[in-house]
1. So which residues in segment 45-67 are farther than 22 Å from Ala25 by Cα and among the charged types (D, E, K, R), if there are any at all?
2. Which members of segment 255-305 meet the condition of being under 16 Å from Asn65 (Cβ atoms) and among the hydroxyl-bearing types (Ser, Thr, Tyr)?
3. Those residues that are more than 16 Å from ligand 2 (Cβ to nearest atom), surrounded by 22 or more Cβ atoms within 10 Å (Cβ to Cβ) and under 28 Å from Ile140 (Cβ atoms), I need them from segment 188-226; list them, please.
4. Of the numbered conditions (1) away from ligand 1 (no atom under 16 Å from the Cβ); (2) at negative phi; (3) surrounded by fewer than 23 Cβ atoms within 10 Å (Cβ to Cβ), Ala139 fails exactly one; give the number of that condition.
5. Which one of these does Val230 not meet: (1) within 16 Å of ligand 1 (Cβ to nearest atom); (2) without any contact (Cβ under 8 Å) to a residue 60 or more places away in the chain?
6. Return only the number of the condition from (1) within 14 Å of ligand 2 (Cβ to nearest atom); (2) closer than 22 Å to Leu100 by Cα; (3) in contact (Cβ under 8 Å) with a residue 40 or more places away in the chain that Asn128 does not satisfy.
7. Can you pull out the residues in segment 113-152 that are in contact with a helix residue (DSSP H, G or I) (Cβ under 8 Å, 6 or more places away or on another chain) and of a type in the set (Gly, Ala, Ser)?
8. Restricting to segment 210-224, and then to whatever is within 13 Å of ligand 1 (Cβ to nearest atom) and in contact with a Cys (Cβ under 7 Å, 6 or more places away or on another chain), can you tell me which residue is nearest to Met178 (Cα to Cα)?
Amino acid sequence: MADAKIIDGKAFAAGLRARVADGVAALKASHGVTPGLAVVLVGEDPASQVYVKSKERALVELGMNSFDHHEAADMAEADLLALIDRLNADPAVHGILVQLPLPKHIDTQKILARIAPEKDADGFHVVNAGLLATGQPGAIVPCTPLGSLLLIRDTLGHDLKGKRALVLGRSNIVGKPMAHLLLQADCTVTLAHSRTVDLAEECRRADILVAAVGRPEMVRGDWIKPGATVIDVGINRVPAADPAAGPGKTRLVGDVAFAEAVKVAGAITPVPGGVGPMTIACLMLNTLAAACRAAGAPIPAEAAL
Ligand SMILES: NC(=O)C1=CN([C@@H]2O[C@H](COP(=O)(O)OP(=O)(O)OC[C@H]3O[C@@H](n4cnc5c(N)ncnc54)[C@H](OP(=O)(O)O)[C@@H]3O)[C@@H](O)[C@H]2O)C=CC1
Ligand SMILES: Nc1nc(=O)c2c([nH]1)NC[C@@H]1CN(c3ccc(C(=O)N[C@@H](CCC(=O)O)C(=O)O)cc3)C=[N+]21
């Protein structure tokens, strides 16, 4: 069988960012509003700093306002809550993103709950999670699952009804919302996790396999149904395979053993260049959508599921 089609998330994300930039320009022209996202980073985690920088760069490129709040790792929880209150009240801020993970002394759920649901650009607030889970309109959908769904639809078409989907990982930020989106799209959904009996067998049934476990290359080629669409959400930094790269050098791999899977799947996302860039593009889309909603302008179609 021919190798799988490689789903080019980087290219799709570039197209989506261009559509968002058009939407930003249109909203400025029609309502005089510039969408703004506040990005809150607590502490100096190097991976988080990289993500936050790429978010801030994308905002500026798309003509949006970026409000950066880089805070000390020992910031008091009360001070973070007070910062969120100020951002909630600021009319120039349409979206708020608090970079996760937060330092251990801060209660993540308490922080996420404080963000005004209509400014929750990540879609992590229980109100948005609840709207999505109950299939109601108006939910802000988490960026990674939304980006994954856009790639699945670009690959298989809009109509996914009756397809068997397996989501591996049940986190509140990826696995659960992904499962709800696929259910909403009339897939028959299985949500697997660390207590699932015979993961490989569950995976082999799936027409659509979304892997979000955070375990480097855990999903092997022989776990995949021939012709399946494989979405690899995992971002794992591992030591470089090539000793010539030198000591301390690393590379990124997904949760799927790509070299094996590409021989069996019908289509597959690479890491890097798959879901990661879609996450950032969807964050831009959610911020534009929040600004549109606040201004009483129509919501971009891709954000209004
Ligand atoms: N591309 C992107 O933009 C993004 C990528 N990521 C990446 O996606 C991955 C998942 O992230 P996230 O959801 O936050 O991770 P979490 O650690 O919150 O959740 C991992 C899930 O995988 C399950 N799991 C862990 N080990 C196994 C195993 N051996 N067998 C079966 N299930 C297992 C866990 O099960 P249980 O619940 O039973 O413990 C849990 O449900 C990570 O690699 C992360 O870096 C995350 C966000 C954005
Ligand atoms: N509140 C919050 N929202 C998030 O959305 C959020 C978060 N916290 N914490 C961390 C995770 C992780 N995440 C990624 C975003 C982009 C890439 C990405 O663009 N990756 C590139 C590679 C980047 C590289 O080379 O390191 C790619 O896959 O091609 C990866 C991971 C968002 N997250």
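1. Going residue by residue through segment 45-67, those that are farther than 22 Å from Ala25 by Cα are 45-53.
Once the filter is applied, which keeps residues that are farther than 22 Å from Ala25 by Cα and among the charged types (D, E, K, R), segment 45-67 yields Asp45, Lys53.
2. Result: Thr287, single match.
3. Applying the first criterion (more than 16 Å from ligand 2 (Cβ to nearest atom)) to segment 188-226 yields 188-209, 218-226.
From what's left, surrounded by 22 or more Cβ atoms within 10 Å (Cβ to Cβ): 192, 203, 206, 208-209, 219, 223-224.
Those that are more than 16 Å from ligand 2 (Cβ to nearest atom), surrounded by 22 or more Cβ atoms within 10 Å (Cβ to Cβ) and under 28 Å from Ile140 (Cβ atoms): Ala192, Ala206, Ile208, Leu209.
4. Status for Ala139: all satisfied but (3).
5. Status for Val230: all satisfied but (2).
6. The failed condition is (3).
7. Ala113, Ala116, Ala121, Gly123, Ala129, Ala133, Gly135, Gly138, Ala139, Gly147, Ser148
8. Here is the first cut: in segment 210-224, the ones within 13 Å of ligand 1 (Cβ to nearest atom) are 210-220, 223.
Subset that is in contact with a Cys (Cβ under 7 Å, 6 or more places away or on another chain): 219, 223.
Working: Val219: 18, Trp223: 20 Å.
Result: Val219.
A short reminder: the numbers here are calculations on the coordinates, not readings from a lab. Note that the coordinates shown come from a computational prediction; the quantities given were computed from them, not determined experimentally. A quick note on method: Cβ atoms are made from the backbone with ideal geometry, for glycine too, and the neighbour counts reach across all protein chains shown.
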